Amino acid sequence: MSAWLNIKTITKRELAAYFSSPLAYVFIIIFLLLCGFFTFMVGGFFEMGQASLARPFFDWHPWFYLFLVPAVGMRLWAEERRVGTLELLLTMPITPWQAIVGKFLASWLFLGLALVLTFPVVITVNYLGNPDNGVIFAAYVGSWLMAGAYLAVSCITSAMTRNQVVSFIVSVVACLFLILAGFPPVVRLISNTFPTLLVDLITSFSVITHFEGFQKGILDSRDIVFFVSVIVFSLFTTSVILRSHRA
Amino acid sequence: MIKVENLVKVFGPKRAVDGISFSVERGEVLGFLGPNGAGKSTTMRMITGFILPTSGKVTVGGFDMLEKPIEAKRLIGYLPENAPAYVDMTVQGFLNFSAEIRGLHGDAKKRAVNRAVEMCFLESVLHQSVDTLSKGYRHRTCFAQSIIHDPDVLILDEPTDGLDPNQKHEVRNLIRRMGERKAIIFSTHILEEVDAVCSRAIIIDRGRIVANGTPSELRRKSESSGAVTLRVSGVNAAALTQKLSQIPAVKRTTIVREEATSVTVRVYPKGDVNGALAESIADATQGLRIHELHTEEGRLDEVFRSITLSDTAKSEEKK
């Protein structure tokens, strides 16, 4: 009970911190502009003539998140360490886990808000045709889970350094691996040289492989488990790193 | 309230804290002295649970910091070195957050924040963002955070650092007042602060306690403690020294200042003579005009220097 209260207090503070700086607004505007541009101009939404968002809209999300999520996550721990507030936070009567979960939730909710603000796309496709809104909803859920996985990876890199730029670059590289492991051209390339078993193993680490099902409207428990376990594992690693700073 | 047993912290090859033990009871204000890098901050960080000791034990209010960290931390208010605060919040927002994380909500939170704001004189900057504050205000904001839940134990790492003389005075008064009901540890470089505030002081050098006692006990260790300062006119320095050296209790005499009209000397006693030296000097100098005659209490900075310097010198000899 008091654990959730502590998490809530930290989440509230973190969210307030986002919106007290221009970062939140810049992020949301860029995200929405990118979504609009890629869906309607590059993705060929109108030319396709289909009442579906899977290809023109959701296909781009893994790539948007590659740069935008590390930008949101980079300050989470690096800033606390640089300013010295980590010392305050960890000497307050809360467990490190409550702090980690609270901070993660704040950023994740923030990403969720950005995602919700893309609703005009949904309105547009509903105005023009009769899409399966269940599929769209499933894809949104998948997209949010994917953002959470990227964010948890950014938590690790942010806890490793007090320099936000280093944190950003390292987490972009790590997230790039999560994409490329299932990116069709890369998969074709490695399937020429490696045995199928190994290729399957590598692609099973990719967010693209697991996001695919959501885009089709399938809420597969294996895909959900994948994203949730990436999040839990990354947050656990973050706690190990934070503890190593204190030892 | 605070009990530290055999605390050790090793950073790589360096023993930053090397077997420190002490305890602080309610109603005590313990001053932590020592040169830079002596291990003061590291010790405080272990007491507050921020860093984990290599070995040793910290208990706060009966709770072991390693086994029951939450219960122990609840009792502590902590002002870290350099007084960090969330720069993206207003002073009020920051204090509200600190109160909430300490489990204060609703009216209790409002009262706690108001009390801390009043005690630390923060009314005028309440709605200002922390990163626009001057150093003194930022320091006081972090200080307010540490007392917001009216803790039984206060750990203050250089609480007067960066404050102007008036603010220093205020903070010292605050610490002294709160020390009547709490157990307080604070570190400082300013020795006059020890006199003004502490009921007891510990001097740390290279990770070890080298002196532990009340300020007056520590002062007695000073070389000048018990020495007599004398200023007379109508005699030259050499003659005066000659005259004084005939007193049996005198170990040696140094000339402090020689002016056209008067001579100032300091007379060091042999062993402990407890003020008798001043009397015998007064007897010996009858007929001269005495402007000043007093027994030195001893000086903390002298003690500090002799303890911490001699130790460093010893360690260099070993090498």
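Give the range A:1-46 a look and list any residue that's among the polar types (S, T, N, Q) and either more than 14 Å from chain B (Cβ to nearest Cβ) or in contact with a helix residue (DSSP H, G or I) (Cβ under 7 Å, 6 or more places away or on another chain) (or both), or say none.
A:Asn6, A:Thr9, A:Thr11, A:Thr39
So, in the range A:61-96, of the ones that are more than 14 Å from chain B (Cβ to nearest Cβ) and β-branched (Val, Ile, Thr), which residue ends up nearest to A:Ser206 (Cα to Cα)?
Applying the filter and picking the extreme gives A:Val69.
Looking only at the range B:82-129, count how many residues are within 20 Å of B:Leu156 (Cα to Cα) and of a type in the set (Val, Ile, Thr).
Residues that pass the stated criteria total 4.
Being out of contact with any Leu (no Cβ under 7 Å at 6 or more places or on another chain), in contact (Cβ under 8 Å) with a residue 60 or more places away in the chain, within 14 Å of chain B (Cβ to nearest Cβ) and of a type in the set (A, V, I, L, M, F, W, C) is the requirement here; does A:Leu113 meet it?
Considered against the rule, which asks whether it is out of contact with any Leu (no Cβ under 7 Å at 6 or more places or on another chain), in contact (Cβ under 8 Å) with a residue 60 or more places away in the chain, within 14 Å of chain B (Cβ to nearest Cβ) and of a type in the set (A, V, I, L, M, F, W, C), A:Leu113 comes out as no.
Take the residues in the range B:40-56 that are of a type outside the set (Ser, Thr, Tyr) and within 14 Å of the chain's Cα centre (by Cα), then tell me which one is farthest from the other protein chains (Cβ to nearest Cβ).
So, considering only residues that are of a type outside the set (Ser, Thr, Tyr) and within 14 Å of the chain's Cα centre (by Cα), the one farthest from the other protein chains (Cβ to nearest Cβ) is B:Lys40.
Taking the range B:221-259 on its own, how many of its residues are of a type in the set (A, V, I, L, M, F, W, C) and over 16 Å from B:Glu292 (Cα atoms)?
Matching residues across the range B:221-259 total 5.
With the structure loaded, tell me whether B:Thr59 is more than 9 Å from every other protein chain (Cβ to nearest Cβ), β-branched (Val, Ile, Thr), surrounded by fewer than 22 Cβ atoms within 10 Å (Cβ to Cβ) and in a helix (DSSP H, G or I) or whether it fails that test. Spell out how you get there, then give the answer.
Details: more than 9 Å from every other protein chain (Cβ to nearest Cβ): yes; β-branched (Val, Ile, Thr): yes; surrounded by fewer than 22 Cβ atoms within 10 Å (Cβ to Cβ): yes; in a helix (DSSP H, G or I): no.
The answer is no for B:Thr59.
Quick one: in the range B:62-81, of everything that is assigned to a loop (DSSP other than H, G, I, E, B) and without any contact (Cβ under 8 Å) to a residue 12 or more places away in the chain, which residue is farthest from the other protein chains (Cβ to nearest Cβ)? Let's see the steps before the verdict.
Kept after step one, since they are assigned to a loop (DSSP other than H, G, I, E, B), are these residues of the range B:62-81: B:62, B:65-68, B:75, B:80-81.
Filter once more, keeping what is without any contact (Cβ under 8 Å) to a residue 12 or more places away in the chain: B:62, B:67-68.
Values: B:Gly62: 15, B:Glu67: 13, B:Lys68: 11 Å.
It comes out as B:Gly62.
When the residues of the range B:1-30 are narrowed to those that are of a type in the set (Lys, Arg), part of a strand (DSSP E or B) and touching a residue at least 12 places away in the same chain (Cβ under 8 Å), which ends up nearest to B:Arg206 (Cα to Cα)?
Out of the qualifying residues, it is B:Arg15.
In contact (Cβ under 8 Å) with a residue 12 or more places away in the chain, away from chain B (no Cβ under 14 Å) and out of contact with any strand residue (DSSP E or B) (no Cβ under 9 Å at 6 or more places or on another chain), is that true of A:Gly49?
In short, no.
Rule-based calculations on the coordinates, nothing more; no lab input. As the structure is a computational prediction, the values presented were derived from the model and not from experiment. Please note: Cβ atoms are built from the backbone with ideal geometry, for glycine as well, and neighbour counts cover all protein chains shown.
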